[in-house]
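The values are calculated or read from the model by the stated rules, or taken from the named source; none is laboratory data. Because the structure is a prediction, the values reported are computed rather than measured. Ideal geometry is used to build each Cβ from the backbone, glycine not excepted, and the neighbour counts take in all protein chains shown.
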Amino acid sequence: MLNFLLGGGTCELVPAFKADLVLAMMRQHPPTIFSGVPTMATLLLMHPDSAKVDFSSVRLVIVGGATVDAALLEQLQARMPQAAVMNLYGLSESSGAIVMTPWGAERQDLMQSIGRVFDTATVRVVSFTGEDAAAGEIGELCFRGAGVCPGYVGGAAGADGFDAQGWLHSGDLGYVDARGYIHLKGRKKDMYIQGGFNVYPAEIEGVIARHPAVMMVAGIGVPDPVLGEIGRYYIVPKPGCQVTEQEIRTYCGSRLADYKVPRQVVLRDALPLTPAGKIHKAALRTESASDTTARRA
């Protein structure tokens, strides 16, 4: 909002995101810039009223706040062909955005990465052993530079988010390629270890999201007596579409290594969302833990 105001723009505000309300506002005042989290964009594009909206006025689309799968980026480009589509990544502790798709980026860079760190900041990837990761090696993304705050008020709550050198530890996993593009692999706490293999749900979610019958997907790791952990993926089908667990598993089996194929698929009418419109994975973990406890009882 501050960027729009500084640039002389007009912001349309709503008390809470509702797809039908936002689409009605778009019809009344055609936007030139659309910015939101992936769930918002998905719900807008899938809503029946979306066909009544002329998106030709949109010049720029910025999607961030959660992992954005390539299927959604392609849908946005198709519906808003006049617009430049960009990924955005940031944290409250970095004063908002700190990584973004550069102007003129290649299509592959848009689809596979979240962009580059801003010139005023620096990114560091810390391996699982605590060392600097090599180019292409997955580790925790850490940031330092303009916009990154020096710590938390009081220095107590969440103090481990900052180290002695001033690096902000994001809690997100990813890697930086040789050209400086950052590839996001999801939250560190989302990764699960299945039979000794590290599995990153964001990768599997990206594959499942390309299934023509899938509207939303979220994956978590759940306990398993044999493999330690296995993947459970919650799926919301598109309106009017049907899909089965076996169909999803078969679809993934032809595109992923065996250990990445979901062992459990749960079909839902909706997924829990945070007030910001992100999929609430913590709620799914709590629900899963409650189900496990109930079965044991």
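Structure summary
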{"read-out": "Qualifying residue in the range 33-54 (condition: in a helix (DSSP H, G or I), of a type in the set (Lys, Arg) and either in contact (Cβ under 8 Å) with a residue 60 or more places away in the chain or surrounded by 11 or more Cβ atoms within 10 Å (Cβ to Cβ) (or both))", "value": "yes"}
{"read-out": "When residues of the range 282-297 are limited to those that are at pLDDT 90 or above and in contact with a strand residue (DSSP E or B) (Cβ under 6 Å, 6 or more places away or on another chain), the one surrounded by the fewest Cβ atoms within 10 Å (Cβ to Cβ)", "value": "Arg285"}
{"read-out": "Residues (outside any strand (DSSP E or B), in contact (Cβ under 8 Å) with a residue 24 or more places away in the chain and hydrophobic (A, V, I, L, M, F, W, C)) located in the range 97-147", "value": "Leu110, Met111, Ile114, Phe118, Ala133, Ala135, Ile138, Ala146"}
{"read-out": "Filter result (hydroxyl-bearing (Ser, Thr, Tyr) and in contact with an Asp or Glu (Cβ under 9 Å, 6 or more places away or on another chain)) within the range 112-130", "value": "Ser113, Ser127"}
{"read-out": "Output for the range 107-161, where each listed residue is touching a Gly at 6+ places or on another chain (Cβ under 8 Å) and among the acidic types (Asp, Glu)", "value": "Asp109, Glu140"}
{"read-out": "Leading residue by the ranking (farthest from Met100 (Cα to Cα)) among those in the range 150-188 that are part of a loop (DSSP other than H, G, I, E, B) and modelled with pLDDT of 90 or more", "value": "Trp167"}
{"read-out": "Verdict on Thr120 being more than 21 Å from Lys188 (Cα to Cα) and of a type in the set (Ser, Thr, Tyr)", "value": "yes"}
{"read-out": "Unique match (being closer than 16 Å to Pro38 by Cα, in a helix (DSSP H, G or I) and of a type in the set (Gly, Ala, Ser)) among Ala66, Ala71", "value": "Ala71"}
{"read-out": "Ser254 vs. criteria surrounded by 13 or more Cβ atoms within 10 Å (Cβ to Cβ), farther than 14 Å from Val217 by Cα and out of contact with any Leu (no Cβ under 7 Å at 6 or more places or on another chain)", "value": "no"}
{"read-out": "Only one of Gly104, Gly96 that is at pLDDT below 90 and out of contact with any helix residue (DSSP H, G or I) (no Cβ under 9 Å at 6 or more places or on another chain)", "value": "Gly104"}
{"read-out": "Matching residues in the range 250-269 - criterion: being farther than 20 Å from Asp190 by Cβ and either outside the structural domain of Glu203 (by TED's automatic domain parsing) or in contact with a strand residue (DSSP E or B) (Cβ under 8 Å, 6 or more places away or on another chain) (or both)", "value": "Leu267, Asp269"}
{"read-out": "Filter result (over 14 Å from the mean Cα position of the chain (by Cα) and either crowded, with 22+ Cβ neighbours inside 10 Å or not in a strand (DSSP E or B) (or both)) within the range 192-207", "value": "Tyr192, Gly195, Gly196, Val199"}
{"read-out": "Test: residue in the range 101-110 that is surrounded by fewer than 13 Cβ atoms within 10 Å (Cβ to Cβ), among the hydroxyl-bearing types (Ser, Thr, Tyr) and within 28 Å of Cys142 (Cα to Cα)", "value": "no"}
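Rundown of residues vs (1) out of contact with any Asp or Glu (no Cβ under 9 Å at 6 or more places or on another chain); (2) exposed (fewer than 14 other Cβ atoms within 10 Å of the Cβ), yes/no style:
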| position | (1), (2) |
| --- | --- |
| Ile230 | no, no |
| Tyr234 | yes, no |
| Gln246 | yes, yes |
| Val261 | yes, no |
| Gln264 | no, no |
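Table: residues versus (1) touching a residue at least 24 places away in the same chain (Cβ under 8 Å); (2) under 30 Å from Phe128 (Cα atoms); (3) not in a loop (DSSP other than H, G, I, E, B).
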| position | (1), (2), (3) |
| --- | --- |
| His211 | yes, no, no |
| Met215 | yes, no, yes |
| Val222 | yes, yes, yes |
| Tyr234 | yes, yes, yes |
| Val243 | yes, no, no |
| Gln246 | no, no, yes |
| Leu256 | yes, yes, no |
